[in-house]
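Here is the structure we will look at.
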Amino acid sequence: MLIKRAPDVRASDITDEVMYLDRRRFITRAGIGLAALGAGAPLTALGDRGGASQGDDKLTPYEDVTTYNNFYEFGTDKDEPAKNAHTLRTRPWSIAIEGHVKKPAVYAIEDFLKPHRLEERVYRMRCVEAWSMVIPWMGFPLADLIKRVEPTSSAKYIEFTTLHDPRQMPGQRRQVLNWPYTEGLRLDEAMHPLTILVAGLYGKVLPNQNGAPLRLVVPWKYGFKGVKSIVKMRFVETQPRTAWNDAAPDEYGFYANVNPEVDHPRWSQAKERRIGEFRRRATLPFNGYGDQVARLYAGMDLRKFF
Ligand SMILES: Nc1nc2c(c(=O)[nH]1)N[C@H]1C(S)=C(S)[C@@H](COP(=O)(O)O)O[C@H]1N2
Ligand SMILES: [Mo]
């Protein structure tokens, strides 16, 4: 979404441009840190791969992105993950690739990241709770990882699993969700170029509360699809169970596509509050990425498969 230049450049565009250039300088510096984490190539700033702009999207401040979180492993209040996630140890960390792939493996996070180049993607994010943010993620296409591990023809879905360790994740001492947190994507959703694995934001290493050391980001779906602190990706033949669908199947479906026409049983999904703004704005189908992803669901009844 950064930055579609129209002939009539507005003041807010200029402000964005300055932020963009500053950030690019910062990213170049921060790149040293991420390179040390095992991301082989230097960081690149965003091209225009982040999707269509809503016109007045501004980045949500770093402070809000890192203190207003959902990460139930560290508490159910928005401010709790930032306060509590320091107990998570993200090194050493390993990620298992299992199931229907030619190259199953257990990678140390450094080796997992090494072949991939982290690039910045500015995405609108929309929580099922009807708030939204605009976040500059640092990541790489999940498709690149999928090609690397070579799924077989039996692989139809991927199941993602978060770390399960109540000593590091105090929220797991209570049965708030069916731990460990799991999520799933159909393989074509996982292969879509907008779907990324994320290791940083704002040009910095991902803070624990945002899902360090590695999390998923799928910008056309509600935020809960973005499973954090991933330890396992399993390629499976049938639709995997997901933590939120297990917890409340009437409220959270497997697909979780942002859809202003399908209300949550307890509230409307037609509007959203952008964190930092007062006036609520209309929620767009597929969170505004419909021109790129709607074809994945052609012929499906999105009220039934919500
Ligand atoms: N493991 C795990 N992943 C999770 C969650 C969680 O509670 N546990 N919450 C989800 C929800 S509901 C949202 S909206 C996003 C929030 O990501 P953010 O805090 O980086 O904005 O993380 C998702 N991933
Ligand atoms: Mo969410």
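The values are calculated or read from the model by the stated rules, or taken from the named source; none is laboratory data. Worth saying up front: this structure is predicted, and the values here are computed from it rather than measured. Cβ: placed from backbone, ideal geometry, glycine included. Neighbour counts: every protein chain shown. Protein only, heavy atoms only, side chains kept; ligands, DNA and RNA dropped before computing areas. Shrake-Rupley method; radii C 1.70, N 1.55, O 1.52, S 1.80 Å.
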Quiz item: Could you say whether any residue in segment 275-282 is within 16 Å of ligand 1 (Cβ to nearest atom) and open to solvent by less than 10 Å² (accessible area, probe 1.4 Å)?
Solution: no
Practice problem: Take ASP144 and decide whether it is within 16 Å of ALA212 (Cα to Cα) and not small (Gly, Ala, Ser). | Solution: no
Quiz prompt | Qualifying residue in segment 286-293 (condition: assigned to a loop (DSSP other than H, G, I, E, B), open to solvent by 70 Å² or more (accessible area, probe 1.4 Å), of a type in the set (Asp, Glu) and out of contact with any strand residue (DSSP E or B) (no Cβ under 7 Å at 6 or more places or on another chain)) | solution = no
Exercise. Could you please let me know if LEU302 is open to solvent by 30 Å² or more (accessible area, probe 1.4 Å), aliphatic (A, V, I, L, M) and more than 26 Å from PRO61 (Cβ to Cβ)?
Key: yes
Exercise. Select from segment 220-247 the residues that are more than 14 Å from the chain's Cα centre (by Cα), open to solvent by less than 20 Å² (accessible area, probe 1.4 Å) and within 16 Å of ligand 2 (Cβ to nearest atom) and list them in ascending order.
Key: THR242, ALA243
Self-check item: Neighbours by Cβ (under 6 Å, 6+ apart or cross-chain): first from segment 201-216, in contact (Cβ under 8 Å) with a residue 24 or more places away in the chain; second hydroxyl-bearing (Ser, Thr, Tyr) and crowded, with 22+ Cβ neighbours inside 10 Å
Solution: GLY211/SER229
Exercise. Residues being among the hydroxyl-bearing types (Ser, Thr, Tyr) and within 10 Å of ligand 1 (Cβ to nearest atom): count how many of those fall in segment 220-242.
Key: 2
Quiz item: Name the residues in segment 225-253 that are closer than 22 Å to TRP93 by Cα and either among the hydroxyl-bearing types (Ser, Thr, Tyr) or in a loop (DSSP other than H, G, I, E, B) (or both), would you?
Solution: GLY226, VAL227, LYS228, SER229
Quiz item: For ASP250, which of the numbered conditions (1) of a type outside the set (A, V, I, L, M, F, W, C); (2) in contact (Cβ under 8 Å) with a residue 60 or more places away in the chain; (3) touching a Pro at 6+ places or on another chain (Cβ under 7 Å); (4) more than 16 Å from ligand 2 (Cβ to nearest atom) fails to hold?
Solution: (2)
Self-check item: Among the residues listed as GLU159, GLU183, the single one being within 21 Å of ARG241 (Cα to Cα) and over 12 Å from the mean Cα position of the chain (by Cα)
Solution: GLU159
Quiz item: So which residues in segment 187-219 are within 14 Å of ligand 1 (Cβ to nearest atom), assigned to a loop (DSSP other than H, G, I, E, B) and either over 17 Å from GLU73 (Cα atoms) or under 13 Å from the mean Cα position of the chain (by Cα) (or both), if there are any at all?
Solution: TYR202, LEU206, GLY211, ALA212, PRO213, LEU214, VAL218, PRO219
Self-check item: Scan of segment 138-197 for residues that are within 23 Å of THR90 (Cβ to Cβ) and acidic (Asp, Glu), ordered by number
Solution: ASP144, GLU159, ASP165, GLU183
